[in-house]
Amino acid sequence: MTLAVGSTVRIRDGGGGKKKNPFTCKAIVATVSGDNTVSLVRDDLAPVPLGRVGKFIVAPLFNSVGINSVGRSVEECESSIDDLMELLPFEDKSGNEIADSLSTAEKVEFYKSRGDQLLRLNDYTCAAAYYEAALSFIANVSIGGTCIARKNGDAVIADVDCIDDDQYDVTFTSQNGEEEETTIPLKDILCSIWCKDEAYLQPRCLLNLSRCLVKLAEIDSTSGNVGCAGQRKRATRQEKYRSSAVLGCSITITLCEHLKVSTASPDVPLSDSLIGKARLIRSRAFIGRNMLKNAMVDAKKVTSQDPNDKDALKLISEIKAIEARSKLLDKKISREVCRWVKKATTTSEGAAAIERMDEESSI
């Protein structure tokens, strides 16, 4: 490949040689040496919306890396020319132009197919942006439509009755057929449901997007708490990625369950397959958040459908190993505390210290 200073390329393993979690990302060529070595400036690993989108539906949009932000962090690195790849043909401004004459399904497929190509290259940053772009074409919630909304921490189906500014009058229908009318804020509307999704593009995009977010949580080592657009709570990037992955998988599961009962000719095997994959990805995200009980529930639900599922069995073994290490650590800490207490109460120095604390607390 021909290299020029200032050109953008794709670099394997982000220039850091992290073979455990192989990934690729974009970088700008800074200098080219004669010994087959290139100095590069690697871009921030946080996804950024494509030009026409401007916001995300599921993925976290960090305040410091917004589309017009100048706060994106960069990292200098060196790489062998052999570890560089040219960008895909569509990865320039003109390559993302889309004809208005295309149908909604064609527009969604247009961006999803490009996200799939990037995902196969392990470029989770760019792939996530393309999946979000695909979902943006079916994001509008309208009166009379159906959406997935947040209720008591769960993703549930709701029919939209009225929209007044940022307030939505919706009707929730429980599994036993009971209806509940209520008003919820815009922030509790998770996504609209695309009723004409014959190819199941919406849950496929959500699933692959969630997979990207779990991977980004593993490779993006940016430290410190950060804020996200539309969110008050600050947390680490890794926590934001994983919580968004949990959200994406939860929406996927609810959506697929809905499609099985609301579609005239549902593809039940495909829906069940997507649900199983979503549970596996969500289980992995739960492990990263140290929510081991939730992770075990998802993994066991997969094995209840397929007792020989290798990915689910691997997750269950990993969760049990983490729990065993945690119990061992707790016992070790307990023994140390017991030794400290015994020493403090049986030695003259310890007894005097405790007596002084009792006197100070009684003042």
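The values are calculated or read from the model by the stated rules, or taken from the named source; none is laboratory data. Quick caveat, the model's predicted, so the values are computed rather than measured. A quick note on method: Cβ atoms are made from the backbone with ideal geometry, for glycine too, and the neighbour counts reach across all protein chains shown. Just so you know, the surface numbers come from the protein's heavy atoms only, side chains and all, with ligands and any DNA or RNA stripped out. Shrake-Rupley method; radii C 1.70, N 1.55, O 1.52, S 1.80 Å.
When the range 244-262 is examined, which residues are found to be small (Gly, Ala, Ser) and modelled with pLDDT under 95? Can you show your working first?
Going residue by residue through the range 244-262, those that are small (Gly, Ala, Ser) are 244-245, 248, 250, 262.
Once the filter is applied, which keeps residues that are small (Gly, Ala, Ser) and modelled with pLDDT under 95, the range 244-262 yields only Ser262.
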| field | strands (runs of 3 or more DSSP E) wholly inside the range 1-84 that include at least 1 residues being open to solvent by less than 10 Å² (accessible area, probe 1.4 Å) and at pLDDT 90 or above | value | 8-12, 24-32, 37-42
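Of everything in the range 215-229, what is in a loop (DSSP other than H, G, I, E, B), free of Cβ contacts under 8 Å to residues at least 24 places away in the same chain and polar (S, T, N, Q)? Give them in sequence order.
Ser221, Ser223
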| note | Over the range 256-289, the set of residues loosely packed, with under 15 Cβ neighbours inside 10 Å and of a type in the set (Val, Ile, Thr) is Val261, Val268
| For the range 177-204, which residues satisfy the criterion of being open to solvent by 90 Å² or more (accessible area, probe 1.4 Å) and more than 15 Å from Glu257 (Cα to Cα)? | Glu178, Glu179, Glu181, Lys187, Lys196
| message | Looking at the range 7-26, I want the residues that are of a type in the set (Phe, Trp, Tyr) and have a partner that is at pLDDT below 90 and open to solvent by less than 50 Å² (accessible area, probe 1.4 Å) with Cβ atoms under 8 Å, at least 6 apart or on another chain. Which pairs are those? | response | Phe23/Asp13; Phe23/Gly14
| request: Give the residue, chosen from Val156, Val214, that is modelled with pLDDT of 95 or more, open to solvent by 10 Å² or more (accessible area, probe 1.4 Å) and either out of contact with any Asp or Glu (no Cβ under 6 Å at 6 or more places or on another chain) or not acidic (Asp, Glu) (or both). | output: Val214
| task | Give me a count of the residues in the range 120-134 that are more than 12 Å from the chain's Cα centre (by Cα) and among the charged types (D, E, K, R). | result | 2
| field | Yes/no for Cys212 being touching a strand residue (DSSP E or B) at 6+ places or on another chain (Cβ under 7 Å) and touching a residue at least 60 places away in the same chain (Cβ under 8 Å) | value | no
| field | Given (1) surrounded by fewer than 16 Cβ atoms within 10 Å (Cβ to Cβ); (2) touching a strand residue (DSSP E or B) at 6+ places or on another chain (Cβ under 6 Å); (3) modelled with pLDDT of 90 or more, index of the condition Thr173 fails | value | (3)
| query | under 21 Å from the mean Cα position of the chain (by Cα) and not basic (Lys, Arg) - does that describe any residue in the range 95-108? | reply | yes
